[in-house]
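Below is one structure; the comments refer to it alone.
Read-outs throughout are calculated quantities, based only on the coordinates presented, and are distinct from any laboratory measurement. This structure is a prediction, so every number in the text was calculated from the model and none was measured. As a convention, Cβ positions derive from the backbone with ideal geometry for all residues, glycine included, and neighbour counts pool all protein chains shown.
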């Protein structure tokens, strides 16, 4: 069994319900063991859109990283396709998969945006303060604390999706 971490985001419709539905659709192949608090966040990159709800879940699976990637892309498509950095019903990102490092055009682990996104790092800190990013060796909390204040997008705590 591998432990993995998924980023969860939604800024269209009933955002909390969208996150809950996406988590439910991970089963039975991906067993969610922990869900972070959910934060309301300003959009990054394309800022002319509604705020997001973002969180992270910890899970275990026997699937390979590639199979997990395929599963989350299927869930995104089932819940509503979206363009890159556009408003979305659900956005799922494979952030970490054990301590594996994968660098391909389709899949990068750790996730390419992990170190710059407070809406990912803060929920990871909430789940486990000692989790280390496999390339730098720094904890997620060390990475979060090192983010410049002006790059932070969290505007408040929303609600749990547990």
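Annotations for the structure displayed:
- Packing rank of 116-128, 32-44, where each peptide gets the mean count of other beta carbons within 10 Å, highest leading: 116-128, 32-44
- Simple label model, 7 Å out from Cα along Cβ direction - residue 42 to residue 101, nm: 3.3 nm
- Prolate/oblate/rounded label for region 66-162 (Cα gyration tensor, a/c 1.5): oblate
- The stretch between residue 78 and residue 155 holds 24.8 nm of extra length on full extension. This uses 0.36 nm per residue minus the Cα-Cα distance.
- Virtual spin-label span in nm between residue 108 and residue 67, 7 Å along Cα→Cβ: 2.6 nm
- In this label model, residue 1 and residue 142 are separated by 2.8 nm, measuring between points 7 Å along each Cα→Cβ vector.
- In percent, rounded to a whole number, the relative contact order of region 1-60 is 50, using alpha-carbon pairs under 8 Å and six or more apart.
- Shape category assigned to the chain from the gyration tensor of Cα positions, a/c cut at 1.5: rounded
- In the chain, Cα pairs under 8 Å separated by at least six residues give a relative contact order of 31 percent.
- Ordered by the count of other Cβ atoms within 10 Å of each Cβ, fewest first, 157, 94 give 157, 94.
- Estimated from helical segments only, the mean residue ellipticity of the chain at 222 nm is -8000 deg cm²/dmol, where each DSSP H run of four or more residues counts as -39500 (n - 2.57).
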